[in-house]
Every structure is written in structure tokens, then in C-alpha cells.
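Worksheet: one structure, shown below.
The values are calculated or read from the model by the stated rules, or taken from the named source; none is laboratory data. No experiment lies behind these values; they were computed from the predicted model shown. Cβ sites come from the backbone with ideal geometry, for glycine too, and all protein chains shown count toward neighbours. Just the protein is used for accessible areas: all its heavy atoms, side chains included, with ligands, DNA and RNA removed. Shrake-Rupley method; radii C 1.70, N 1.55, O 1.52, S 1.80 Å.
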Amino acid sequence: MKYKNFPMVPRVVFGRGSFDQLHEILLPRRKNSEAPFIYLIDDVFEDNQWLMSRVPVMFRDQIIFIPTEEEPKTEQVDQLVAYIRTIHEAPSGVIGIGGGTVMDMAKAVAIMLNNKGKAEDYQGWDLVKRPAVYHVGIPTLSGTGAEVSRTTVLTGPEKKLGINSDFTPFDQVVLDPELTKDVPKNQWFFTGMDCYIHCIESLNGHYLNAFSESYGEKSLDLCKQVFLGEALKEEEAQDKLMMASWHGGMSIAYSQVGVAHAMSYGLSYLLGTKHGLGNCVVFDQLEEYYPEGVKMFRKMKEKHEIELPAGLCSNLTDEEFNTMIEVSLGMEPLWDNALGSDWKQKIGPEKLRELYEKM
Ligand code: NAD
Ligand code: ZN
């Protein structure tokens, strides 16, 4: 048995308004006045003075707004890196401000600024050769755990797979729950449920150990308070969900996700369904695998009056179903965690087709 030697984010600041400390945090990291910081910011904030006026831009620093209709693609990473190189060969750092999409983009860009070739060459485990450029993650939406994870999930020409490496985690994270105050309700729920599902899959998986369990239980408890408990003050709910996301990410860091993520990857690869929503659509059909978890999920959904889209798979061809099934079954560690080492005896294309047809 070889145990993972897991890299953690070395510096974190937490607190409402902590975003205002960014200037002070970055100052010692600036190489010189020529080497800029590159801010990748969710384009939802483009006209948001409350946030934009507080971004500490100096000298040749650049702000690049990132669209989030689609999840990050390797090609987009390559284009951004090429553009940034035209500004400066070795910027002082990359700062990602947004949800999972922008945080993943920032991690990938920071890696690729210091590594040769294309982003698609590094999709997999431990393929990155050189440390990334200094990179900072600032979540504005809670749930994915991307702020703490060792991966950056990218869709490439051939696969949807993360760049999993010791160089992927952020050097610094700023957790300011106030930044999440304007997230639309449905999005709050879907990305929040990503966190809830991380906990259920981690806590019910074969890879579970005391490390993962301690973080998973805390995260699950926070999710219950936020989504099922007595009404919390808005600020309190934002604080708790941000910490739930962090702990959920820490839990899967030392275990693995399961059936919902494996199947949701298939949906997202074929139909472009976004991560949080896709997980909800899939999880709703997984009573057989996570009976208690699904029961609680449905209570949360009802309490917050969330409607999930139906019939996503109703007009698919056999070929399309097969593509989804292939992508999903390719996520071997997820099935191994969810169903055990004999998972191939327990799940196959027919069962997956039956489940997908319900979605
Ligand atoms: P997202 O980043 O795609 O954002 C969803 C929507 O919320 C966007 O329209 C965005 O503009 C909006 N938004 C974000 N913050 C807002 C705010 N404060 N106010 C108003 N609107 C706001 O959603 P997400 O669920 O956070 O991230 C999904 C992505 O994360 C996927 O690409 C997925 O693959 C990735 N992911 C990564 C990891 C990891 O460990 N690296 C884990 C899970 C998911
Ligand atoms: Zn997830």
C-alpha cells in the first residue's frame, strides 16, 4: 500500500471583506514592476463596481474576463497562455476570481505558463514537469472545492479529464464569503449540491479513511445546516457553505467521488451539461446506490423549490448513449471507489443505459 503525499494550499485567508487584503498579499510576490499579475475574472463581474473597484491593479497588471457559459477547454487555456506571453514571458502570478470554471482556468494557465506544449498533453495524473507560476484562487461561488483540489478539470479534443498534479493547487486562497452574495438561487443550489454529493460519495465509498471521513462529516453537517436547517442569516449561510466546499474538497482529496460524478462526466462530455446541474440530474436517479443521500437530496430540492430539467436524454441515438456510457465507464477510480474492486461485475453498459434513459 502506497499512501498519497497530498499537497495542500499553503496559505489561506478567511473572512468577510478579506478580499481587500489582496493588495497586501500580492505585494511581496511581485517580481518587479514589469512582470504583471494577470487577473482572470468571471465575466459576470465585468460591470460590477463593488468588486472591480477593489481589484488591486498596478503597473502592467492585466484583467482578462472569462466567459462561463461553457466549462474550460484545453484549447482556451492554450489561447490564453499564448496571449499572456505576448504581454510578458514570466508574469508575477495568475489570480482566478470566480466559480469552479474560472478557478480551474487560473490553475491550468499558471501550469501552462511554465510548461511546454499544449494543455491537452497534461490531462491525466502527474504529467506536469515544472512548478506552475504563482497562482491565487478566490472563489465567488461555493461548492466545487476547486479552491483546494489538486486538479483542474478540462475538456480536451479527446477527453474530459483533469490536470492532476502536485503543482496544480493554489499557492494562496482568499475565502471571502461576501463575494458569493449575488449568486442566483438555482446556481447556489446546483453548485452547493456538488459539495453535498462530494460528501455522500466520499463517505459511502470504499476508499474512505479517517482523514476523508473527518472532513466529509464536517462538510455534510454544514450542508445540512445550510440546505435543511432552520433559516440562517444570509451571512452565516454564506460563511458555512464556503467552509463546506473547502471541507468537501479536502474529503475527496484523500478518497474519491463516485457514481454521480462518473455518470455526470458522460452527460457533460456529450451534452455540455454543467457540472453542478449534471450531478443533480444524475444523483436524483441514484437511490439504488445512495438511498439515504438521495432521500435527503430530494428534501433539499423540495425545500428550495428547485425544478430539475427532465428528458435530457430522451432524443439520443444509440451511438450517443454509447459515447456517454464509454466516457462514464472510463472513470475507473470512481467506480472502484463507489462499488469496490469487483465493480466490473456490478455495473455495465446496460445498467448505465437504463439509468441515463431516466434522465
Ligand atoms: P461556474 O464557475 O461555471 O459558474 C456558474 C455560474 O455562476 C456562471 O454563470 C458564473 O458567472 C456565475 N457566478 C459565479 N460567481 C457568481 C457571483 N458571485 N455572483 C453571480 N454569479 C456568479 O460554476 P461552478 O459550479 O462553481 O464550477 C463548475 C466548474 O468547476 C466545472 O467546470 C467543473 O468541472 C469544475 N470543477 C472543478 C473541480 C476541481 O476540483 N478542480 C471540482 C468540481 C468542479
Ligand atoms: Zn464535483
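Going Cα to Cα from K301, which aspartates and glutamates come in below 16 Å? Please leave out same-chain ones fewer than 8 positions away.
Straight-distance partners of K301: D194, E230, D284, E287, E292.
Compute, for the chain, the length of the dipole vector about the Cα centre, with Cβ point charges of +1 (Lys, Arg) and -1 (Asp, Glu) only. Units Debye, rounded to 20.
940 debye
For the range 148-243, with only Lys/Arg (+1) and Asp/Glu (-1) charged at the beta-carbon, what is the dipole magnitude about the Cα centre, in debye rounded to 20? Intermediate results must be reported in sequence, preceding the final value.
Numbers: 9 positive and 16 negative charges, 69 e Å.
So the dipole magnitude of the range 148-243 works out to roughly 320 debye.
What are the ³J(HN,Hα) couplings of the range 35-50, residue after residue, when phi is run through the Karplus curve with 6.51, -1.76, 1.60 and θ = phi - 60°? Round to Hz, x for glycine and proline.
Along the range 35-50, the couplings run 8, x, 8, 10, 9, 9, 10, 3, 5, 5, 9, 3, 9, 9, 5, 3 Hz.
So which of K2/K185; K31/K233; K73/K233; K2/K274; K116/K185; K240/K299 end up more than 31 Å apart, counting from Cα to Cα?
In this structure, K2/K185; K31/K233; K73/K233; K2/K274; K116/K185 exceed 31 Å between Cα atoms.
If you average the alpha carbon positions of the range 338-354 and of the range 243-318, how far apart do those two centres end up, in angstrom?
Computed from Cα coordinates, the inter-centre distance equals 17 Å.
Using a Gaussian network model of the chain whose springs link C-alpha atoms within less than 10 Å, name the residue from L277, L26, L232 with the highest mean-square fluctuation.
For the chain, modelled as a Gaussian network with Cα springs under 10 Å, the answer is L232.
Taking θ as phi - 60°, what are the ³J(HN,Hα) couplings along the range 127-139 by the Karplus curve (6.51, -1.76, 1.60), each to the nearest whole Hz, with x for Gly and Pro?
9, 6, 8, 10, x, 6, 5, 3, 9, 10, x, 10, x
Most fluctuating residue of F14, F37, F167 in a GNM of the chain with Cα springs under 10 Å: which is it?
F14
Among 134-140, 302-308, 170-176, what's the highest-first ranking by average C-beta atoms within 10 angstrom per residue?
On the way: 134-140: 25.3, 302-308: 11.4, 170-176: 22.1.
In decreasing order of mean packing, 134-140, 302-308, 170-176 become 134-140, 170-176, 302-308.
Would you kindly give the portion of the calculated P(r) for the chain that falls above 36 Å, as a percent of all Cα pairs? Provide the component values of the computation, followed by the final result.
Details: 11539 of 64261 pairs.
In whole percent, the share of Cα-Cα pairs in the chain beyond 36 Å is 18.
In terms of solvent-accessible area of protein heavy atoms at a 1.4 angstrom probe, what is the ranking of E287, E230, highest value first?
E230, E287
In whole Å, what are the extents of the range 1-121 along the principal axes defined by its C-alpha atoms, from largest to smallest?
47, 36, 34
Which residue fluctuates most in the GNM of the chain (Cα springs below 10 Å): G248, G99, G124?
The residue with the greatest mean-square fluctuation here is G124.
Placing unit charges on C-beta atoms (Lys and Arg positive, Asp and Glu negative, everything else neutral), compute the dipole magnitude of the range 185-356 about its Cα centre in debye, rounded to 20.
So the magnitude is around 220 debye.
Please report the net charge: other residues with Cβ closer than 10 Å to the Cβ of N164, K and R +1, D and E -1.
Details: positive: R150; negative: D126, D166.
Once positives and negatives cancel, what remains is -1.
Among Q285, V174, A35, whose Cα sits farthest toward the positive end of the charge dipole of the chain (+1 at Cβ of Lys/Arg, -1 at Cβ of Asp/Glu, about the Cα centre)?
A35
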